[in-house]
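Below is one structure; the comments refer to it alone.
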Amino acid sequence: MPKLYRWGSSSTCAYQWQQKCSITLSRVDWAQISQNKLAADWFLTIVQRMNNALAILHKIFGYSSFRPPQAEIIDTLIEGGDAFVLMPTGGGKSLCYQIPALVRPGCGVVISPLIALMQDQVSALHEAGVKAAFLNSTLDYSQVRVIEEAMQRGELDLLYLAPERLKQERTLALLQSVKLALFAIDEAHCVSQWGHDFRADYLELGVLHERFPSVPRIALTATADVRTRKEIIERLQLQDARQFIAGFDRPNLCYRITLKDNPRQQLLRFMREEHASDAGIVYCLSRQKTEETAEWLQSEGFNALAYHAGLSARQRAENQARFLREDAIVMVATIAFGMGIDKPDVRFVAHLDMPKTIEAYYQETGRAGRDGKPANTLLLYGLQDVIKLRQMMAESQGSEEHKRIEQHRLNAMLGLCEITTCRREAVLRYFGEALPMPCGNCDACLHPVQTWDATETARLALSAVYRTGQRFGVNHLVEVLRGSNSDKVFQFEHQHLNVYGKGAELSVNEWRSVFRQLVARNYLSVDLDGYGALMLEEVCRPLLRGEATLALRRDETTKHSKPGKRSKPAALTVAGDLDPELWEALRALRMQLAEEHKVPPYVIFHNSTLEALCRQRPTTLAQLAQISGIGERKQERYGPPFLAVLQQHQ
Ligand code: ADP
Ligand code: ZN
């Protein structure tokens, strides 16, 4: 039996080891290990391999155990196999290739589309004592030469590459001249034509398999949709790769979806009451709106920045860097922002406009709470969003089939907004996963929505659409139903219709809510070419004929949900139960070190590590080394100054 990492050498270690690695050794019958030579040998090699991996996890990254399914992925690669990994944001994908790259001989090559973030990723590895570098268009010729030479001398453990480099014969020749540990294709959904992240350069990645058939490959993504998954596997020729699909649930995220009713005030209340000094992202549909919203948030005292594809590359890079480096920046952005942003302590993601698909919603909200601590999401939506999105879709270039699929996905998103049951259940169901019971951490669970029997009201609404000739939008229909004396009503002589004034007991907002829900449920469609006229759909028939009933949600736009029993966001909890002076002193030291090393503060230590320091108050380096997130190198570099600060606050 080889010496097992951190345990004794008795054979019961095998089981402990299995737990530590959370790896399933299903291929082995435990009782036979000691008798069957082949099984025993196999077992010993895998133990050896994983011991190396565990040692690195501990020494370099400062963590004590793998999360599922990290260990199995790492083992697959160390053994030389290919892997396809689908793991939610914050699941821990990076270690899945970083550790095998360190265990296997040669250099691991990571293809990443995010040039702006390569620098940070590489700096973070340097901080941990890993020999890493990147090659992208930000380097000049002499810098490129230095890295190529280091690579040729076998001095690099990890090389990050922009995808367009792989088109260059020079790069391929370089890769062919050295020993390679593996290829990692990060953000692999960029090969898919379906997502909005598509990068033509990613299509070239097929060459890896052809030019380097013996180098193991791992493709990673957090994009859940089945079509994209298939496309990645096909385009990257990963048909034989082992697939690791981790669960999609992000239990620390609280989902909230609310109707728009003075969205700025809704956002302001949300941010003031729950996230006054937190980092967050506010998504908007248009460039102009991001700028206006950022400006307005600044005037309200928030440290807000705008981000969209229309800004200069320099401005974007600068805003992104500030978001990563400074505390409590609020980024107001279009969907152009966020891919690969691995800032762990984003405490909230708010949407001022509805995302086009549940995938986008899941991915965008997923940027909150990567550190596993409670984080909030808020989506504000209204009928106008649906009309705008349908319009954008109708005008888009894609094929008819593409448009139909997009329409379908938009309807699913709208369905998620309108449901009265657990949001998380619905999101997970969309990804083919079941939740055993309602989550208790979404608005529908925390503040159950009431429904009402809207059968008669809906019939009245549908008749109004029919009687007015299916040529009018919501505003006019509501006027007719409420018996308004407006010019337009008289102009079209709608005061003579039998539906005129029949709905006076409902307020304008209540009627709007009815129409919105009828559109969401496809009883009505919106004429996108004209002025948003509503038209009847087939689904209406049973309702109109009196063969079906309809329950609608009661919107309570004026009553705002209080934070209630929801857990407070982390930044506030931190201030609550930790010594605030010590906490601030540790943060100040972290900020100072981050500036000296030119890295974001979380690269020095995560908040969770600072918190542990605050709670456990280690007094020696050995005690400090026990804290999660402090590997050997960080212990040497930062241990002494942090111990000094702790000492001052004894
Ligand atoms: P992803 O790329 O999947 O979004 P990351 O690789 O950035 O996620 O990891 C998310 C966070 O979890 C990082 O801060 C990382 O250091 C941490 N992490 C990853 N694996 C482990 C582990 N086994 N134990 C503790 N923390 C981990
Ligand atoms: Zn729920």
Which members of the stretch 468-506 meet the condition of being of a type in the set (Ser, Thr, Tyr) and either out of contact with any Asp or Glu (no Cβ under 9 Å at 6 or more places or on another chain) or in contact (Cβ under 8 Å) with a residue 40 or more places away in the chain (or both)?
Thr468, Ser484, Tyr500
If Arg553 satisfies all but one of (1) at pLDDT below 90; (2) open to solvent by 30 Å² or more (accessible area, probe 1.4 Å); (3) more than 16 Å from ligand 1 (Cβ to nearest atom), what's the number of the condition it fails?
(2)
Name every residue in the stretch 433-454 that is away from ligand 2 (no atom under 12 Å from the Cβ) and either open to solvent by less than 10 Å² (accessible area, probe 1.4 Å) or within 18 Å of the chain's Cα centre (by Cα) (or both), in order of residue number.
Glu433, Ala454
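Give the residues of the stretch 292-307 that are of a type in the set (Asp, Glu) and either within 30 Å of Gly440 (Cβ to Cβ) or part of a helix (DSSP H, G or I) (or both), sorted by residue number. Show your work before the answer.
Filtering the stretch 292-307 down to residues of a type in the set (Asp, Glu) leaves 292, 295, 300.
Once the filter is applied, which keeps residues that are of a type in the set (Asp, Glu) and either within 30 Å of Gly440 (Cβ to Cβ) or part of a helix (DSSP H, G or I) (or both), the stretch 292-307 yields Glu292, Glu295.
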Of the residues in the stretch 84-100, those that are touching a Leu at 6+ places or on another chain (Cβ under 6 Å) and more than 6 Å from ligand 1 (Cβ to nearest atom) number 3
What are the pairs with Cβ atoms under 6 angstrom where one residue, in the stretch 82-103, is of a type in the set (Asp, Glu) and the other, located anywhere, is away from ligand 2 (no atom under 16 Å from the Cβ)? Sequence gap at least six, or different chains.
Asp82/Pro216; Asp82/Arg217; Asp82/Leu238; Asp82/Ala241
If you go through the stretch 632-643 one residue at a time, do you hit one that is within 16 Å of ligand 1 (Cβ to nearest atom) and modelled with pLDDT under 90?
no
Can you name the residue in the stretch 603-650 that is within 31 Å of the chain's Cα centre (by Cα) and among the charged types (D, E, K, R) and is also most open to solvent (accessible area, probe 1.4 Å) among such residues?
Arg615
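Of everything in the stretch 334-355, what is in a loop (DSSP other than H, G, I, E, B) and either of a type in the set (Gly, Ala, Ser) or farther than 25 Å from Ile185 by Cβ (or both)? Give them in sequence order.
Step one: filter the stretch 334-355 for residues in a loop (DSSP other than H, G, I, E, B), giving 334-345, 352-355.
Listed by number, the residues that qualify are Thr334, Ala336, Gly338, Gly340, Asp345, Leu352, Asp353, Met354, Pro355.
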Arg370 versus (1) more than 18 Å from the chain's Cα centre (by Cα); (2) open to solvent by 50 Å² or more (accessible area, probe 1.4 Å): which is the lone unmet condition?
(1)
Just wondering, is there one or more residues in the stretch 133-150 that are within 16 Å of ligand 1 (Cβ to nearest atom), buried (at least 22 other Cβ atoms within 10 Å of the Cβ) and either at pLDDT 95 or above or within 16 Å of Arg217 (Cβ to Cβ) (or both)?
no
Can you pull out every residue in the stretch 397-423 that is open to solvent by less than 40 Å² (accessible area, probe 1.4 Å) and within 16 Å of ligand 2 (Cβ to nearest atom)?
Gly415, Leu416, Cys417, Glu418, Cys422, Arg423
Hey, Thr293 hits all of (1) over 20 Å from Asp197 (Cα atoms); (2) at pLDDT below 95; (3) not aliphatic (A, V, I, L, M) but one; which does it fall short on?
(2)
Subset tally (residues that are open to solvent by 10 Å² or more (accessible area, probe 1.4 Å), part of a helix (DSSP H, G or I) and touching a helix residue (DSSP H, G or I) at 6+ places or on another chain (Cβ under 7 Å)) for the stretch 76-114:
4
With the condition kept exactly as written, say whether any residue in the stretch 206-229 is away from ligand 1 (no atom under 16 Å from the Cβ), assigned by TED's automatic domain parsing to the domain that holds Phe348, small (Gly, Ala, Ser) and more than 20 Å from the chain's Cα centre (by Cα).
no
When the stretch 413-433 is examined, which residues are found to be farther than 17 Å from Leu259 by Cα and in contact with a helix residue (DSSP H, G or I) (Cβ under 7 Å, 6 or more places away or on another chain)?
Ala426, Val427, Tyr430
Is the stretch 282-295 home to any residue that is of a type in the set (Val, Ile, Thr) and either touching a His at 6+ places or on another chain (Cβ under 9 Å) or open to solvent by 20 Å² or more (accessible area, probe 1.4 Å) (or both)?
yes
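Quick check, is Leu205 farther than 23 Å from Ala360 by Cα and in contact with a Pro (Cβ under 9 Å, 6 or more places away or on another chain)? Even if it seems obvious, please write down each step before you answer.
Numbers: farther than 23 Å from Ala360 by Cα: yes; in contact with a Pro (Cβ under 9 Å, 6 or more places away or on another chain): yes.
Yes, satisfied.
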Mind checking which helices (runs of 4 or more DSSP H) fall wholly inside the stretch 436-522 and carry at least 1 residues that are under 24 Å from Leu414 (Cα atoms)?
443-446, 455-467, 474-482, 508-520
Look through the stretch 48-68, keep the residues that are crowded, with 23+ Cβ neighbours inside 10 Å and either on the phi > 0 side of the Ramachandran plot or more than 9 Å from ligand 1 (Cβ to nearest atom) (or both), and return whichever of them is modelled with the lowest pLDDT.
Met50
What is the one condition in (1) in contact with a His (Cβ under 8 Å, 6 or more places away or on another chain); (2) modelled with pLDDT under 90; (3) open to solvent by less than 30 Å² (accessible area, probe 1.4 Å) that Ala585 does not satisfy?
(2)
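Could you please let me know if Leu414 is assigned to a helix (DSSP H, G or I) and not assigned by TED's automatic domain parsing to the domain that holds Glu273? Give the steps one after another, and end with the answer.
On the way: assigned to a helix (DSSP H, G or I): yes; not assigned by TED's automatic domain parsing to the domain that holds Glu273: no.
Against the criterion (assigned to a helix (DSSP H, G or I) and not assigned by TED's automatic domain parsing to the domain that holds Glu273), Leu414 does not qualify.
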Out of all the residues in the stretch 193-203, is one or more over 19 Å from Ile115 (Cα atoms), surrounded by fewer than 21 Cβ atoms within 10 Å (Cβ to Cβ), in the same structural domain as Ala101 (by TED's automatic domain parsing) and without any contact (Cβ under 8 Å) to a residue 12 or more places away in the chain?
no
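Can you tell me how many residues within the stretch 618-643 are in a helix (DSSP H, G or I) and either farther than 20 Å from Val603 by Cα or of a type outside the set (A, V, I, L, M) (or both)?
Here is the first cut: in the stretch 618-643, the residues in a helix (DSSP H, G or I) are 621-625, 632-643.
Next, only the ones that are either farther than 20 Å from Val603 by Cα or of a type outside the set (A, V, I, L, M) (or both) stay: 622-623, 632-642.
The qualifying residues number 13.
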Which number in (1) farther than 11 Å from Phe84 by Cβ; (2) of a type in the set (Gly, Ala, Ser); (3) open to solvent by less than 80 Å² (accessible area, probe 1.4 Å) marks the one condition that Ala241 misses?
(1)
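The values are calculated or read from the model by the stated rules, or taken from the named source; none is laboratory data. Owing to the predicted nature of the structure, the values given are computational and were not obtained by experimental measurement. Reconstructed Cβ throughout: ideal geometry from the backbone, glycine too, with neighbour counts over all protein chains shown. What goes into the accessible areas is simple: the full protein's heavy atoms, side chains included, and nothing from ligands, DNA or RNA. Shrake-Rupley method; radii C 1.70, N 1.55, O 1.52, S 1.80 Å.
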